[in-house]
Amino acid sequence: MIDENVIRIDSLSKSYATGNGDTIRALDEVALNVRANDFICIVGPSGCGKSTLLRIVAGLEHASAGSVHYRDTMHTGPTREIGMVFQEYSLLPWRNVLDNVGLGMEFAGTPVSERLRVSRSFLKLVGMEKFERAFPHELSGGMQQRVAIARSLANNPDVLLMDEPFGALDAHTRILLQKELLRIWEKNRKTILFVTHSVDEAIYLADRIVVMSGRPGRILEVMELDQPRPRDRSNAQYGKMATQILDILEKEVSSSV
Ligand code: ADP
């Protein structure tokens, strides 16, 4: 039978050995099916394993138990089909914007003319086409993150993993980029797994919100959101959902201190 899920996470657990011989259990029996074009946000208390989960799905780390399948194939290492955007802007400081965006294509041996064409089209998509010759240190955090998003999209991944991509930005830029990301996602449908500690951000963006427990991270709830976008933060339903998620998280945090 063909699996409709783009990503299937089964009974995934992860433990880390610490330097003093202890074990930290970061994730416990996490199971999640991600369908094509899903926009999933993962929220949970700090340290509950959200980034670990994303890194395992990216193939940057191995699970201690359980599995991740990407389109029916057991996923064991990084692949071009799964791209990642980190919180730190992660651009190469010695490369200009255009060369940063073309990096993955350069590794893949894409001819220069095609690389430039694709890089420029994604820079345009994120509104950075006027800055192609600029170097990362000449750009604000928000601009760098736009470039990082363009770089990920230029590799044409099937799935985009985003680990607190707007976490280091000021509130105004963050709201602006949330809007931009939805516009880009609507134009350029990707399956997105987005980690955030902001409940507001999750409600603004997601089709489904995965609420995780404190460490070891387990999935407590998966909430479906069917309000049309763009979502109105002053809407009563929006506020009700935020209260509901914050209540769950508050209980989690208070039971772990
Ligand atoms: P979150 O993203 O939810 O804040 P993380 O996934 O970063 O949480 O971390 C989950 C837990 O695993 C934390 O307690 C963290 O200290 C621990 N951890 C993460 N990476 C490592 C590592 N490489 N070695 C040891 N412990 C780690």
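The values are calculated or read from the model by the stated rules, or taken from the named source; none is laboratory data. Note that the coordinates shown come from a computational prediction; the quantities given were computed from them, not determined experimentally. Using ideal geometry, Cβ is built from the backbone for each residue, glycine included, and neighbour counts are taken over all protein chains shown.
In contact with a helix residue (DSSP H, G or I) (Cβ under 7 Å, 6 or more places away or on another chain) and over 20 Å from Lys187 (Cβ atoms): does that describe Leu91?
On the way: in contact with a helix residue (DSSP H, G or I) (Cβ under 7 Å, 6 or more places away or on another chain): yes; over 20 Å from Lys187 (Cβ atoms): yes.
So Leu91 passes the test.
In region 156-179, what count of residues is obtained for those that are over 11 Å from Leu205 (Cβ atoms), under 15 Å from the mean Cα position of the chain (by Cα) and assigned to a helix (DSSP H, G or I)?
The total comes to 1.
Can you confirm whether Thr52 is surrounded by fewer than 19 Cβ atoms within 10 Å (Cβ to Cβ), over 19 Å from Ser152 (Cα atoms) and of a type in the set (Val, Ile, Thr)?
On the way: surrounded by fewer than 19 Cβ atoms within 10 Å (Cβ to Cβ): no; over 19 Å from Ser152 (Cα atoms): yes; of a type in the set (Val, Ile, Thr): yes.
No, not satisfied.
Evaluate the following for Gly47: is it more than 7 Å from the ligand (Cβ to nearest atom) and modelled with pLDDT under 95? Explain how you work it out, then say what you get.
On the way: more than 7 Å from the ligand (Cβ to nearest atom): no; modelled with pLDDT under 95: yes.
No; evaluated as a whole, the condition is false for this residue.
Among the listed residues Leu249, Leu205, which satisfies the condition of being modelled with pLDDT under 95 and either on the phi > 0 side of the Ramachandran plot or surrounded by 18 or more Cβ atoms within 10 Å (Cβ to Cβ) (or both)? Break it down into steps so the answer makes sense when it comes.
Details: Leu205 fails: modelled with pLDDT under 95.
Result: Leu249 is the single residue among Leu249, Leu205 that is modelled with pLDDT under 95 and either on the phi > 0 side of the Ramachandran plot or surrounded by 18 or more Cβ atoms within 10 Å (Cβ to Cβ) (or both).
Yes or no: Leu225 more than 16 Å from the ligand (Cβ to nearest atom), aliphatic (A, V, I, L, M) and surrounded by 19 or more Cβ atoms within 10 Å (Cβ to Cβ)?
On the way: more than 16 Å from the ligand (Cβ to nearest atom): yes; aliphatic (A, V, I, L, M): yes; surrounded by 19 or more Cβ atoms within 10 Å (Cβ to Cβ): yes.
Yes, satisfied.
Confirm whether Ser90 is among the hydroxyl-bearing types (Ser, Thr, Tyr) and at positive phi.
Values: among the hydroxyl-bearing types (Ser, Thr, Tyr): yes; at positive phi: yes.
When the stated conditions are applied, Ser90 passes them.
Restricting region 76-126 to residues that are of a type in the set (Val, Ile, Thr) and assigned to a helix (DSSP H, G or I), which is surrounded by the most Cβ atoms within 10 Å (Cβ to Cβ)?
If we filter region 76-126 for residues that are of a type in the set (Val, Ile, Thr), which is where we start, we get 76, 79, 82, 85, 97, 101, 110, 112, 118, 126.
Checking the rest, the ones that are also assigned to a helix (DSSP H, G or I) come to 97, 101, 112, 118.
On the way: Val97: 27, Val101: 31, Val112: 10, Val118: 19.
If we take residues in region 76-126 being of a type in the set (Val, Ile, Thr) and assigned to a helix (DSSP H, G or I), then Val101 is surrounded by the most Cβ atoms within 10 Å (Cβ to Cβ).
Restricting region 52-104 to residues that are among the basic types (Lys, Arg) and out of contact with any strand residue (DSSP E or B) (no Cβ under 7 Å at 6 or more places or on another chain), which is farthest from the ligand (Cβ to nearest atom)? Even if it seems obvious, please write down each step before you answer.
Filtering region 52-104 for residues among the basic types (Lys, Arg) gives 55, 71, 80, 95.
Those left that are additionally out of contact with any strand residue (DSSP E or B) (no Cβ under 7 Å at 6 or more places or on another chain): 55, 80, 95.
Working: Arg55: 7, Arg80: 24, Arg95: 28 Å.
The selected residue is Arg95.
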